[in-house]
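Colleague: First the structure, then my questions, so here it is.
The values are calculated or read from the model by the stated rules, or taken from the named source; none is laboratory data. On a predicted model such as this, the values are computed, not experimentally measured, just so you know. Here the Cβ is made from the backbone with ideal geometry for all residues, glycine too, and neighbour counts use every protein chain on show. Heavy atoms of the whole protein, side chains included, go into the accessibility calculation; ligands, DNA and RNA do not. Shrake-Rupley method; radii C 1.70, N 1.55, O 1.52, S 1.80 Å.
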Amino acid sequence: MIQSYFNAERVSAAILVIIGLLAICIAAWGWRNGAFWRGAAIAMLAMAVMQISVGATILVTSPKQAQSM
């Protein structure tokens, strides 16, 4: 039961990292396409960095937590 929880946690963390990488690509596109999109690109890049850091942290810590239970 608890293993399925941690497996789902790892899957959701991986999805979060993938979405963060996609957001970086969209931010790079926005940066190149005019002044209006540059403001959005800065905000999206900041959110992407947070998404990737949270997802990576969960991916790293989740196996240790599952093993300790």
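Colleague: So which residues in the stretch 59-69 are part of a helix (DSSP H, G or I) and open to solvent by 50 Å² or more (accessible area, probe 1.4 Å), if there are any at all?
Modeller: Passing the criteria: L59, V60, T61, P63, K64, Q65, Q67, S68.
Colleague: Select from the stretch 17-39 the residues that are open to solvent by less than 50 Å² (accessible area, probe 1.4 Å) and more than 27 Å from A66 (Cα to Cα) and list them in ascending order.
Modeller: A23, A27, G30, G34, G39
Colleague: Touching a helix residue (DSSP H, G or I) at 6+ places or on another chain (Cβ under 9 Å) and open to solvent by 90 Å² or more (accessible area, probe 1.4 Å): does that describe M1?
Modeller: Spelling it out, it is not the case that M1 is touching a helix residue (DSSP H, G or I) at 6+ places or on another chain (Cβ under 9 Å) and open to solvent by 90 Å² or more (accessible area, probe 1.4 Å).
Colleague: Just one of the numbered conditions (1) loosely packed, with under 11 Cβ neighbours inside 10 Å; (2) in contact (Cβ under 8 Å) with a residue 24 or more places away in the chain is not true of A14; which one?
Modeller: Checking A14 against (1) loosely packed, with under 11 Cβ neighbours inside 10 Å; (2) in contact (Cβ under 8 Å) with a residue 24 or more places away in the chain, the one that fails is (1).
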